[in-house]
Amino acid sequence: MNKLITFVLAALLITIAVTSIAKSSEGLIKNAYAQSNNWYVGAGIQPDTYYTYKIQNGDTDNGQPFLMTIYFKQFNSTGSYWIAPAYVVTPGGEVINAILHLSDLDLSVLGTSSIPSNMQPYIAAYTSSIHWLAAFVPKPGQSLSSSYWGKIASIGGSPIAPGASAKVTVPAGTFDTKVITYHKGVDNNIWIAPNLPYPVKAQTFADVTTGTPPIQYAFDLQAAGQGQPPVPKSQIVVPKPPLTIQTARGTYYIQLLWDPPAIPVGKPTNFGILFEDNSQTIQNGVSYSFKVTDANGKVIRDVHDQSAPDGTGMQQGIVFTKAGPAKVLVSIDGVQGQPMGEFVEQASFQVVSLSKG
């Protein structure tokens, strides 16, 4: 294979995809419907328009960001839903397509949508990120001047409510917004531009009892425009070491390094692992499991009860026989003799092995 892989970071792929479709954002925003004091998820939608978001969700791809574009092609008046082709650019550079049917009531994804199985995790991330406020403000919405939008029992703390006005800048432009806020340990904020169907930006955190809470979901609007957006071609994105991922509960950081940095096919690669707590202090006395799956889905190493007495581990001589994306799964089994119990503390890293020549 002639130079299979272009050495492009995921961030670069996302930047290119966004740049190619962002030019029409300003015109769309200027032509939005007249401002209303009520807002709901779906406000201001016009046919033949699109919105592109960069989304980070703690339950999807280990919290690594991905791009999602939703194109509101046309409205089906019989079924009262939007026909909305959508695509995702995954953290690894794969492009996944779906045809969504989005309810006119709150833009929820209807069962009549055509969604391939590999798109399902990203639809779940959509529901729990840019669509999350629909539980509080379906059509016809609530007032942006209201002192109370609601409260979820599991959240506790302050209610969810509009707060201060703020000017916020995202890749799609600068917007006058109302900040929707709730507090549980830390402030969680969602920025709403009254004329746009989804919030412009959000930063929310998981509910944890100790330490620094990890991101529950975060997103910002990358581009908006009229007409069908161009769909980028799939590319394999080659990550560079080190990669660091926070475990789902926010308790630990796991860092993965490898040598050589360009993982070769047919030659040994050595991996190093660093374990830190949520304050990013190295943890001594770690036992861990290490599993590598190649591009064919073949497990090429699966070991348990590995020791990292000083917080660092090493796995040597791993040979990939197939070029392409691979997965390295690192699980913490115990720290200083204390097992993890029912909780799974792990990180799944996407790497790429390169063909010879």
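The residues on offer are F205, F219, and the sole one that is surrounded by fewer than 22 Cβ atoms within 10 Å (Cβ to Cβ) and in the same structural domain as L105 (by TED's automatic domain parsing) is F205. Taking the residues in the range 282-311 that are surrounded by 15 or more Cβ atoms within 10 Å (Cβ to Cβ) and over 22 Å from Q246 (Cβ atoms) as candidates, determine which candidate is modelled with the lowest pLDDT. Selected residue: A295. Of the residues that make up the range 176-188, is at least one in contact with a helix residue (DSSP H, G or I) (Cβ under 9 Å, 6 or more places away or on another chain), within 23 Å of I55 (Cβ to Cβ), of a type outside the set (D, E) and outside any loop (DSSP other than H, G, I, E, B)? Taking every residue of the range 176-188 in turn, at least one turns out to be in contact with a helix residue (DSSP H, G or I) (Cβ under 9 Å, 6 or more places away or on another chain), within 23 Å of I55 (Cβ to Cβ), of a type outside the set (D, E) and outside any loop (DSSP other than H, G, I, E, B). Scanning the range 312-328 for residues that are crowded, with 16+ Cβ neighbours inside 10 Å, of a type in the set (A, V, I, L, M), under 21 Å from I245 (Cα atoms) and at pLDDT 95 or above yields one hit, V328. What about G163, is it surrounded by 18 or more Cβ atoms within 10 Å (Cβ to Cβ) and modelled with pLDDT of 90 or more? Judged against the criteria, G163 is not a match.
Apart from one condition, D207 fits all of (1) touching a Lys or Arg at 6+ places or on another chain (Cβ under 7 Å); (2) in a loop (DSSP other than H, G, I, E, B); (3) closer than 16 Å to A326 by Cβ; the exception is (3). Does any residue of the range 311-332 turn out to be without any contact (Cβ under 8 Å) to a residue 24 or more places away in the chain and either assigned to a strand (DSSP E or B) or closer than 21 Å to N62 by Cβ (or both)? The answer is no; no qualifying residue exists. Contact map, the range 175-192: residues that are under 11 Å from F205 (Cβ atoms) paired with residues that are in a strand (DSSP E or B) and charged (D, E, K, R), Cβ distance under 6 Å, separation 6+ or inter-chain. No pairs are found.
Looking at the range 59-70, is at least one residue over 16 Å from the mean Cα position of the chain (by Cα) and modelled with pLDDT of 95 or more? Scanning the range 59-70, I find no residue that is over 16 Å from the mean Cα position of the chain (by Cα) and modelled with pLDDT of 95 or more, so the answer is no. Checking the stated criteria, L100 turns out to be without any contact (Cβ under 8 Å) to a residue 60 or more places away in the chain and either in a strand (DSSP E or B) or hydrophobic (A, V, I, L, M, F, W, C) (or both).
Restrict the check to the range 149-157 and report whether at least one residue is within 25 Å of K54 (Cβ to Cβ) and part of a strand (DSSP E or B). No, the conditions are met nowhere in the range 149-157.
If you go through the range 109-143 and keep only what is within 21 Å of the chain's Cα centre (by Cα) and of a type in the set (A, V, I, L, M), you end up with V109, I115, M119, I123, A124, A125, I130, L133, A134, A135. Looking at the range 79-86, can you tell me whether even one residue there is surrounded by fewer than 17 Cβ atoms within 10 Å (Cβ to Cβ) and either among the polar types (S, T, N, Q) or in a loop (DSSP other than H, G, I, E, B) (or both)? Yes, that holds for at least one residue.
Residues of the range 294-339 that are within 27 Å of S234 (Cα to Cα), over 27 Å from the mean Cα position of the chain (by Cα) and of a type in the set (D, E, K, R): K322 alone. Does A223 meet the test of being under 26 Å from A202 (Cβ atoms) and in contact with a strand residue (DSSP E or B) (Cβ under 7 Å, 6 or more places away or on another chain)? So A223 passes the test.
G173 fulfils the conditions (1) in contact with a strand residue (DSSP E or B) (Cβ under 6 Å, 6 or more places away or on another chain); (2) at positive phi; (3) crowded, with 16+ Cβ neighbours inside 10 Å except for a single criterion, (1).
The values are calculated or read from the model by the stated rules, or taken from the named source; none is laboratory data. Values in this document were obtained by computation on a predicted structure and should not be read as measured data. Glycine gets a Cβ as well: all are built from the backbone with ideal geometry, and neighbour counts include every protein chain shown.
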